[in-house]
1. Return the only residue of Ser285, Ser302, Ser241 being farther than 30 Å from Ala27 by Cα and in contact (Cβ under 8 Å) with a residue 12 or more places away in the chain.
2. Condition first: closer than 24 Å to Leu254 by Cβ and loosely packed, with under 13 Cβ neighbours inside 10 Å. Now tell me which residues in segment 182-205 satisfy that.
3. Quick check on my filter: what residues within segment 24-50 are in a helix (DSSP H, G or I), over 12 Å from Phe14 (Cα atoms) and among the hydroxyl-bearing types (Ser, Thr, Tyr)?
4. What residue, among those in segment 51-85 that are in a helix (DSSP H, G or I) and of a type in the set (Lys, Arg), is modelled with the lowest pLDDT?
5. Being under 25 Å from the mean Cα position of the chain (by Cα) and without any contact (Cβ under 8 Å) to a residue 40 or more places away in the chain is the filter here, so list the residues in segment 31-50 that pass it.
6. Hey, could you check segment 15-50 for residues that are at positive phi and not basic (Lys, Arg) and say which is modelled with the lowest pLDDT?
7. Among the candidates Thr150, Thr129, single out the residue that is exposed (fewer than 14 other Cβ atoms within 10 Å of the Cβ), touching a residue at least 24 places away in the same chain (Cβ under 8 Å) and not assigned by TED's automatic domain parsing to the domain that holds Thr257.
Amino acid sequence: MNLHQIDLNLLVLFDALYKHRSVSIAADEICISQSAFSHGLNRLRERLDDPLFIRIKNVMQPTTRATQIALKLNQALPTISSALSKNEPFNAKTSTMNFKFVATDYTELSLLPKLIGAINNKAPNISITVLPATEQFPLARLENGEVDFTLGFSHQLEKSSSMESYTWLEDSYCTIARKNHPVLTNGLTIENFLKLPHVRVSPWGEKQGVVDQVLNKMKLQRQVILQLPSVLVAPYTILHSDSLLTIPRRIAELLATQINIELFEPPITLPNYQLNIYWHRLNASKVSYQWLIEQIKMLHKSQVF
């Protein structure tokens, strides 16, 4: 069989499974999900026309063919690894790389205007493509290389052994209403917070947001009359109604200079939110990734965000 007939990544997968005899441990070592690992193993089985590993008493035992292959790979893989050990060549001034991001509208607004300005000054030929955030945490798309980074909106960093992340913004929430709201002349209390209707922002169609979760713990409930995926559209829906909207303070303060809204401190204690950038550990050593992440860190440290 010629090498061009097989994906060499599958040999790395094979080597890890031969060493550990466990799909879960082998998958963790090479930083992919168990599902992706099993899919790769099935591809290799089909290509080599051999089961390669058979589960016996919960241990993946190699076939005779697998043992023969392993003896050769044990010599070949270290040589290949040594040949590829140097990082990819990368020169920011001349690179024409295109980085692919997954992001929601708010995370785009919070990061990309400043980031693209910094990049253009140092690397005029590098570009960024932003793809829609169709799922909350697109691990599979990062894993298979479809995207390079995802911008995440969370209250707690996801704990994943396959991912690396950096928190570039942390902020609080505030509640907004239209100016001269007839019920809020004396401020926002828990009573009128519960009495008035609300608009909820749910990027992925979640049935509950952080406000609902906090209220649930207090055995309270609000009335949501409108749910939207976009945090940038939502403020405009309260301008001609009595509804309230609780959103990140930064975007509320920006909008307050443009539209007739008033900002209130929420009458319940909400956790701060974090904006994070995630990338897969498989790409952590890439010089291009390290360079881009460093640009974000420098912007963060200089308090540009």
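1. Values: Ser285 fails: farther than 30 Å from Ala27 by Cα; Ser302 fails: in contact (Cβ under 8 Å) with a residue 12 or more places away in the chain.
When all the criteria are applied, what remains is Ser241.
2. Matches in segment 182-205: Gly187, Trp204.
3. Result: Ser24, Ser35.
4. Just the residues of segment 51-85 that are in a helix (DSSP H, G or I), to begin with: 64-83.
Still in the running and of a type in the set (Lys, Arg): 65, 72.
Details: Arg65: 93, Lys72: 86.
This residue is Lys72.
5. Narrowing segment 31-50 to residues under 25 Å from the mean Cα position of the chain (by Cα): 31-40.
If the condition is that a residue be under 25 Å from the mean Cα position of the chain (by Cα) and without any contact (Cβ under 8 Å) to a residue 40 or more places away in the chain, then Gln34, Ser35, Phe37, Ser38, His39, Gly40 are the ones that fit.
6. Applying the first criterion (at positive phi) to segment 15-50 yields 21, 31, 49.
With the extra rule that they be not basic (Lys, Arg), the set shrinks to 31, 49.
Working: Cys31: 85, Asp49: 92.
Selected residue: Cys31.
7. Values: Thr150 fails: exposed (fewer than 14 other Cβ atoms within 10 Å of the Cβ).
None of the other options fit; the residue is Thr129.
To keep it simple, each residue is scored yes or no on (1) in a helix (DSSP H, G or I); (2) out of contact with any Ser or Thr (no Cβ under 9 Å at 6 or more places or on another chain); (3) modelled with pLDDT of 95 or more.
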residue	(1), (2), (3)
Cys174	no, no, yes
Trp204	no, no, no
Lys207	no, yes, no
Tyr236	yes, yes, yes
Leu245	no, no, yes
Leu255	yes, yes, no
Glu262	no, yes, yes
Asn276	no, no, no
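The values are calculated or read from the model by the stated rules, or taken from the named source; none is laboratory data. In this text the structure is predicted, and so the values were computed from the model without any measurement. In this analysis, Cβ positions are derived from the backbone assuming ideal geometry, glycine residues included, and neighbour counts consider all displayed protein chains.
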